[in-house]
Amino acid sequence: MTYRLRYDPAVEAAHDALPPDVSERLTLGMAGACEDPLRATEPYGHDDPVMRMVVTEQAFAVVLAGHHFKTMTVLQINHLC
């Protein structure tokens with residue numbers, strides 16, 4: 001079952017402010033996380049099935065996987081370059 005992506009308005013604005021190519025790669029990574037949260041993400045800190053990261057070459061997003069309600073909440077986006 002596909003997870004639903006959720007954004008805080010401030011985090012969504014950070015995603016919108018990314019350069020187009022960086023934003024596209026991160027969007028594709030998040031789409032993968034919505035399809036398979038554990039395989040398409042990396043652990044955040046320690047191996048945790050809830051706090052995860054979507055990582056691309058130039059950006060990453062910290063996400064909260066809500067397995068019960070099938071949601072992926074984007075908590076933070078960082079541009080690396």
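The values are calculated or read from the model by the stated rules, or taken from the named source; none is laboratory data. Since we're looking at a predicted model, the values are computed, not measured. Just the protein is used for accessible areas: all its heavy atoms, side chains included, with ligands, DNA and RNA removed. Shrake-Rupley method; radii C 1.70, N 1.55, O 1.52, S 1.80 Å.
Key figures for this structure:
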read-out: Taking all pairs of distinct alpha-carbon atoms in the chain, Kirkwood radius in angstrom; value: 12.3
read-out: Within the chain, percent of DSSP bridges classed antiparallel, to nearest 5; value: 80
read-out: Solvent-accessible heavy-atom area per residue, rounded to whole Å², over region 4-79 at 1.4 Å; value: 59
read-out: Calculated SAXS-style log₁₀ I(q)/I(0) at q = 0.22, 0.23, 0.25, 0.30 Å⁻¹ - region 31-78, Debye, Cα scatterers; value: -0.68, -0.74, -0.88, -1.24
read-out: Accessible area of residue 11 in the full protein assembly, 1.4 Å probe (Å², nearest 10); value: 20
